[in-house]
Amino acid sequence: MTTIAAVTSLALMIPIFSGCSFPYRPSEDGSPSPESTTIETPSQPKTPSPGSSTKTASPNPTQTPTSTPSSDVVYWYESNLPESIRPAYNEVVRGIENFEDTIPITQDNITKDDASLIYNTIFAEHPTWFYLSLTYTTSISSETDTVKAISPKYSMDRGEWLEKLNKVNAIVDPLVNKIYVDYKTEYDRGLAAHDWLVKNVTYHNNPSLSGGSASYQTIYGAFVEGKANCMGYARAMMYLMRRLGISAMVVQGMGDDGNGDSEAHEWNMVRIDGQWWHVDVCWDDPEMNEDTAARMGNDIRHGYMNLTDAEMGRDHKVEKVNLIGDPPPSGKDSSGVNYHRRNGLLVSSLDQYRKLVSDNLSQMVDDGTPLDVQFSDDVVFKQCTDKQTLAKLMEDVATRAGMNSWNWSISVTPEVRVSILTVSR
């Protein structure tokens with residue numbers, strides 16, 4: 001992601017891309033490496049009957065808005081767990097809900113990999129449980145080499161958690177109600193959630209910390225402190241969408257910074273109009289840190305909103321971190337839900353771009369609203385974002401509009417062929 005800033009024909013290159021590392025690195029075989037202890041288990045208890053529930057709701061100590069539906073929300077990873085481990089999964093869920101230090105596993109034949117899948121599915125599906133760390137230990141039977149207990153690590157006690165969760169919901173409850181009342185379609189509600197996070201959260205990360213419970217990795221950091229890394233953005237988006245009755249999930253993988261380097265990264269998939277799409281709120285936020293926040297102003301990006309697997313795959317790679325399950329396949333045609341195509345902002349020629357700039361000039365100047373467009377192919381993208389071509393285009397459009405002086409800047413995301421044009425007097 002690169003910004004080209006210019007005053008009339010003067011241009012200056014300013015890099016603003018910032019990666020977003022996932023704070024927990026898997027071991028070489030792709031699975032976590034929790035500490036293990038061995039316990040003697042001379043007799044094996046019977047396996048309880050599988051539970052009937054395929055979805056567990058995070059506890060919410062505040063009143064849920066009456067306008068917020070939730071019955072159709074899908075917890076994707078949880079609903080796709082193998083039935084063979086669901087009894088153990090339900091035991092661990094209940095134990096974590098009760099802040100138990102050691103959670104017995106009464107089901108037979110739970111392997112270390114099963115324990116990893118259980119624990120990390122719970123972590124992935126419950127953004128309100130931000131007291132839960134990714135770090136845990138297992139107790140292993142010396143006879144069967146199976147897991148007989150899981151000991152989670154908690155970053156706070158129940159009292160502190162409830163106090164913080166109430167602060168989160170003091171912000172989220174009215175926000176959800178407003179979005180739900182003001183917007184009627186899943187697309188529009190998803191757009192409102194996306195844009196609120198871009199406007200109100202600033203990127204923050206400390207790669208030296210790990211465990212998944214630092215505040216900026218949680219919904220508390222995003223909503224209350226206004227700071228998040230990719231995990232915090234993704235979990236906040238998931239929470240907002242689910243509260244709006246829209247299925248959403250976190251996706252783990254790698255992000256390409258455009259220079260051939262990749263970093264561990266998290267983003268979302270959301271289900272709009274019955275199909276799943278990729279969304280990366282973190283990479284749509286130009287306010288990657290406090291230094292760029294003031295300079296970028298109202299620059300909200302939509303280049304990573306509702307993309308197909310192929311579109312997102314240009315610079316995102318899904319990877320199964322922590323033995324978590326696979327995400328769903330995306331829809332095949334995003335034209336009905338993609339921000340640029342839906343709003344007539346997919347540009348296929350320089351003349352079309354010139355007309356869009358002319359038509360939106362007064363709004364850009366008077367309201368400070370940037371022109372956010374996507375280009376149909378690399379040739380058109382390079383032509384329309386060339387600094388000399390754009391300087392001539394701006395001179396023509398501004399002069400025709402009767403402007404004597406003007407400033408313009410453009411930031412570009414080549415991987416998805418998106419540009420944000422800002423114009424002021």
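The values are calculated or read from the model by the stated rules, or taken from the named source; none is laboratory data. Just so we're clear, the structure is a prediction, and the values are computed from it rather than from any experiment. Cβ sites come from the backbone with ideal geometry, for glycine too, and all protein chains shown count toward neighbours. Quick note on the areas: whole protein, heavy atoms, side chains included, nothing else; ligands and nucleic acids left out. Shrake-Rupley method; radii C 1.70, N 1.55, O 1.52, S 1.80 Å.
Of note:
- The alpha carbons of the range 303-425 occupy a box of 60, 28, 25 Å along the principal axes, longest dimension given first.
- Leading residue at positive end of dipole, the range 76-170 (Cβ point charges), from A115, V147, F130: F130
- If you take all other residues with their beta carbon under 12 Å from the beta carbon of P370, and give Lys and Arg +1 and Asp and Glu -1, the sum is -2.
- Taking Lys and Arg as +1 and Asp and Glu as -1, the other residues whose beta-carbon sits under 15 Å from that of I96 total -4.
- Compared with the alpha-carbon gap, the fully stretched path from E263 to Q388 is longer by 41.7 nm at 0.36 nm per residue.
- Here's how it looks for G226: its modeled amide H is under 5 Å from none belonging to a residue 5 or more places away or on a different chain.
- A crude spin-label estimate for the pair I171 and D351, with each label 7 Å from Cα along the Cβ direction, gives 4.8 nm.
- Around the amide H of T146, modelled in the peptide plane, lie the amide H atoms of S141, all under 5 Å away and 5 or more residues distant in sequence or on another chain.
- Neighbourhood charge, 12 Å Cβ-Cβ cut-off, centred on N120 and excluding it, Lys, Arg +1 and Asp, Glu -1: -3
- Centroid-to-centroid separation of the range 102-122 and the range 342-373 [C-alpha atoms, Å]: 53
- Charge dipole (debye, nearest 20) of the range 243-283; +1 at Cβ of Lys and Arg, -1 at Cβ of Asp and Glu: 380
- Taking the centroid of alpha carbons for each part, the range 381-398 and the range 155-208 are 38 Å apart.
- Only alpha carbons enter this Debye calculation for the range 317-380, each as an equal point scatterer, and the log10 of I(q)/I(0) it gives at q = 0.20, 0.21, 0.22 Å⁻¹ is -0.86, -0.91, -0.95.
- Within the accessible area of the range 78-155, the carbon and sulfur atoms contribute 45%, probe 1.4 Å, all protein chains present.
- Between the amide H of V251 and those of W267, N268, M269, distances stay under 5 Å, these residues lying 5 or more places away or on another chain, with hydrogens modeled in the peptide plane.
- Nitroxide proxy distance, nm - points 7 Å out along Cα→Cβ at D396 and E143: 8.3
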